[in-house]
1. Step by step: first the residues of region 19-41, then only those that are away from the ligand (no atom under 14 Å from the Cβ) and exposed (fewer than 12 other Cβ atoms within 10 Å of the Cβ), then the one that is nearest to Lys58 (Cα to Cα). Which residue is that?
2. Looking only at region 57-72, which residues are at pLDDT 90 or above and acidic (Asp, Glu)?
3. Please indicate, with yes or no, whether at least one residue in region 47-57 is under 24 Å from Asn69 (Cα atoms) and assigned to a strand (DSSP E or B).
4. Within region 5-49, work out how many residues are modelled with pLDDT of 85 or more and under 13 Å from the mean Cα position of the chain (by Cα).
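The values are calculated or read from the model by the stated rules, or taken from the named source; none is laboratory data. This is a predicted model, so every value here is computed, not measured. Using ideal geometry, Cβ is built from the backbone for each residue, glycine included, and neighbour counts are taken over all protein chains shown.
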Amino acid sequence: MMEQLKPCPFCNGEANTCVEVYANRVEIEVGCKVCGFWFTDFAIEGSSFNMLKESEDKLIARWNRRADNEDI
Ligand SMILES: [Zn+2]
């Protein structure tokens with residue numbers, strides 16, 4: 001199950017995820033649409049869909065922890 005994205009820790013803007021597929025790698029990004037703060041992770045060529053999903057979940061968890069830390 002996908003974790004819900006929290007708002008941006010800096011500007012409280014709406015966050016979203018993005019997956020970009022390139023020739024030899026896949027970039028997974030979680031970021032703010034408003035101020036442009038991004039977390040990026042990479043998955044190498046040949047990663048299974050499950051591995052991609054896992055990377056995305058981890059990135060979202062990192063984003064949400066960051067949001068929690070800053071939101072005091
Ligand atoms: Zn922001």
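1. Of everything passing the filter in region 19-41, Glu20 is nearest to Lys58 (Cα to Cα).
2. Asp57
3. no
4. Qualifying residue count for the region: 25.
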